[in-house]
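Asks: Sharing a structure, written as structure tokens. Questions coming.
The values are calculated or read from the model by the stated rules, or taken from the named source; none is laboratory data. Worth saying up front: this structure is predicted, and the values here are computed from it rather than measured. For neighbour counting, all protein chains shown are included, and Cβ atoms are generated from backbone atoms with ideal geometry for every residue, glycine included.
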Amino acid sequence: MSEAEQLSDEQRLSLLEGKVGKNRTVITIVAITMVIILSVSFTVLLLKLLRADSPYVTTAAFEEQKVVIQTLRTELEKQKSKVSTLTLTYQQSEVATFQQTMIEQEQSYQAFFATLKLGMFDLAKMVQGSRTWLDVYNEKIDDAKYLSQQREKKLQRLK
């Protein structure tokens, strides 16, 4: 007691405040540790509850799917080997012949339109007052000829 009596009030107060600060720090550390332990415990508990004990797919169904996949792979290899044996070129196919026929047909359409236009011009010379219908008729013939030329160009580009 002699030491306590020798300390002044201010010294005793600072000593108590130091102890209170240490106690506050220890309590904070303990509280944080408790929060961490609780969160880890809840996480582990939730993971154990959510974990499925049975597999999503039965083993028999899984094995069956593996067999199906294997047969599909072998079938794919067979198809690949068949595709590699098919080596048709553009010139060997009938498409080239058909395309050439279509181009010749468009060219004959254009020649027909030119001849038709010339014939209508000669006919218009023979009939009085026929300039109006000839102009309309020539427009229609020119439109048809233009469309035929466009089709021919498209066919030529495909070559």
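Asks: Which of the residues belonging to segment 123-143 are among the hydrophobic types (A, V, I, L, M, F, W, C) and assigned to a helix (DSSP H, G or I)?
Replies: LEU123, ALA124, MET126, TRP133, LEU134, VAL136, ILE141
Asks: Moving on. Using beta carbons and a limit of 9 Å, which pairs, at least six apart or on different chains, have the first residue in segment 91-115 and under 16 Å from GLN150 (Cβ atoms) and the second one among the hydroxyl-bearing types (Ser, Thr, Tyr) and at pLDDT below 95?
Replies: Between residues of segment 91-115 that are under 16 Å from GLN150 (Cβ atoms) and residues that are among the hydroxyl-bearing types (Ser, Thr, Tyr) and at pLDDT below 95, the close pairs are GLU106/SER148; GLN107/SER148; TYR109/SER148; GLN110/SER148; PHE113/SER148.
Asks: What residue, of THR97, THR59, is modelled with pLDDT under 95, over 20 Å from LEU158 (Cα atoms) and either exposed (fewer than 11 other Cβ atoms within 10 Å of the Cβ) or among the β-branched types (Val, Ile, Thr) (or both)? Can you show your working first?
Replies: On the way: THR97 fails: over 20 Å from LEU158 (Cα atoms).
It is THR59.
Asks: Based on what the data block shows, is ALA144 in contact with a Phe, Trp or Tyr (Cβ under 9 Å, 6 or more places away or on another chain) and at pLDDT 90 or above? Reasoning before the result, please.
Replies: Numbers: in contact with a Phe, Trp or Tyr (Cβ under 9 Å, 6 or more places away or on another chain): yes; at pLDDT 90 or above: yes.
It is true that ALA144 is in contact with a Phe, Trp or Tyr (Cβ under 9 Å, 6 or more places away or on another chain) and at pLDDT 90 or above.
Asks: So is MET120 modelled with pLDDT of 85 or more, in a helix (DSSP H, G or I) and touching a Phe, Trp or Tyr at 6+ places or on another chain (Cβ under 9 Å) or not? Lay out the reasoning, then the answer.
Replies: Details: modelled with pLDDT of 85 or more: yes; in a helix (DSSP H, G or I): yes; touching a Phe, Trp or Tyr at 6+ places or on another chain (Cβ under 9 Å): yes.
Yes, satisfied.
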